[in-house]
Amino acid sequence: MAKITLTEKNIADYMKRNKCNREEAIELINYDNAIEGGEETEYDLSPEQVKVVQEMNRKIDHAKPTTIKRERKPNELKEALVAALADFLENTCEFEMKDNGVIYCGDVEITNKNRMIHFTCKDKEFDLQLIEKRAKKS
């Protein structure tokens, strides 16, 4: 920006914008010119103060984003279904195969009370996962 000349028009403009008297407007124009010229002013920081400010800026703790763990509402229907399926597999489930006869499920374990059951059947391990579908949008 260019330096402002001390003309009556500029002084009147400063007086109107800053709502001040003539002497204050002249001081403001001179101060703005000093700032634009890179000169030192009475409001500049001393070299010691500049060092302190720079040191303080280096030591600022920046806010670290924190992850918010959202607590889910318990889905009682899914929990009941998983428990019923686990009980069925452990106590009631038996089926017959042509070559192997009657087969039972064992080592039934609910690994996630809302969705997963782990069990063994004929020396093989299985996971049974219950997935609830979302309601269709109308």
Review point. Any idea how many residues of segment 1-46 are touching a residue at least 12 places away in the same chain (Cβ under 8 Å), aliphatic (A, V, I, L, M) and surrounded by 14 or more Cβ atoms within 10 Å (Cβ to Cβ)?
Key: 6
Exercise for review: Determine if segment 47-69 includes at least one residue that is surrounded by 10 or more Cβ atoms within 10 Å (Cβ to Cβ), acidic (D, E) and part of a helix (DSSP H, G or I).
Suggested key: no
**Study point:** Number of the condition not met by I35 [criteria: (1) touching a helix residue (DSSP H, G or I) at 6+ places or on another chain (Cβ under 6 Å); (2) part of a helix (DSSP H, G or I)]
**Key:** (1)
Check your understanding: Can you name the condition, by its number, that I131 falls short on among (1) surrounded by 10 or more Cβ atoms within 10 Å (Cβ to Cβ); (2) at pLDDT 85 or above; (3) aliphatic (A, V, I, L, M)?
Key -> (1)
Exercise for review: Pick out, from segment 85-138, the strands (runs of 3 or more DSSP E) lying fully within it that include 3 or more residues that are aliphatic (A, V, I, L, M).
Suggested key: 101-112
Study note, to complete from the structure: All-but-one check, P74 against (1) surrounded by 10 or more Cβ atoms within 10 Å (Cβ to Cβ); (2) modelled with pLDDT of 90 or more, failing number (2)
Revision key, fill the gap. Selection from segment 1-17 of residues of a type in the set (G, A, S) and assigned to a helix (DSSP H, G or I) yields A12
Practice item. State the number of residues belonging to segment 14-48 that are on the phi > 0 side of the Ramachandran plot and of a type in the set (D, E, K, R). Key: 1
Review point. Among (1) in the same structural domain as C121 (by TED's automatic domain parsing); (2) of a type in the set (S, T, Y); (3) within 30 Å of K3 (Cα to Cα), which single condition is T92 missing?
Key: (3)
Practice item. With respect to A80, determine if the residue is on the phi < 0 side of the Ramachandran plot, in contact with an Asp or Glu (Cβ under 9 Å, 6 or more places away or on another chain) and part of a helix (DSSP H, G or I). Key: no
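The values are calculated or read from the model by the stated rules, or taken from the named source; none is laboratory data. Just so it is clear, the model here is predicted, and its values are computed rather than measured. Please note: Cβ atoms are built from the backbone with ideal geometry, for glycine as well, and neighbour counts cover all protein chains shown.
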